[in-house]
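Let me begin by presenting the structure, written as structure tokens, before commenting on it.
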Amino acid sequence: MPICPECGGEMKFDRSRYMYVCTSCGLAVTRSELDDLKKGRSPDLGEDERERWRREYLKWWLSSKR
Ligand SMILES: [Zn+2]
């Protein structure tokens with residue numbers, strides 16, 4: 001199980017989006033982004049884009065839990 005690069009939480013693979021999602025902070029990254037983060041490089045997405053993505057995903061993630 002991959003570890004979230006931001007908070008150290010557990011990340012789960014979401015098959016419907018092909019992204020790894022942090023169960024603690026909601027960070028969502030693709031496989032290649034996760035590899036980049038592990039190597040210490042930042043992903044291609046800009047900060048704003050990532051933040052927007054994360055918020056959207058967190059919303060979706062929380063609503064899908066119900
Ligand atoms: Zn996290």
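Calculate for the chain the 222 nm mean residue ellipticity that helices alone would give, adding -39,500 (n - 2.57) per DSSP H run of length 4 or more and normalising by residue count, nearest 500 deg cm²/dmol.
The helix-only estimate for the chain comes to -13000 deg cm²/dmol at 222 nm.
Which lysines have a Cα less than 20 Å from the Cα of residue 59, not counting those fewer than 8 places away in the same chain?
Cross-link targets: 12.
Run a plain Debye calculation on the chain (Cα atoms as equal point scatterers, no solvent) and give log10 I(q)/I(0) at q = 0.16, 0.23, 0.26, 0.29 Å⁻¹, rounded to two decimals, same order as the q list.
Values, matching the q order: -0.48, -1.01, -1.29, -1.53.
Amide H of residue 19 versus every other amide H placed in the peptide plane: which residues, excluding those fewer than 5 positions away on the same chain, fall under 5 Å?
14
Taking only C-alpha pairs under 8 Å that are 6+ residues apart, what is the relative contact order of region 11-65 in percent?
Numbers: 47 pairs, mean separation 14.3, N = 55.
Rounded, it is 26 percent for region 11-65.
None of the figures in this text is laboratory data; all of them are computed from the coordinates on show. Owing to the predicted nature of the structure, the values given are computational and were not obtained by experimental measurement.
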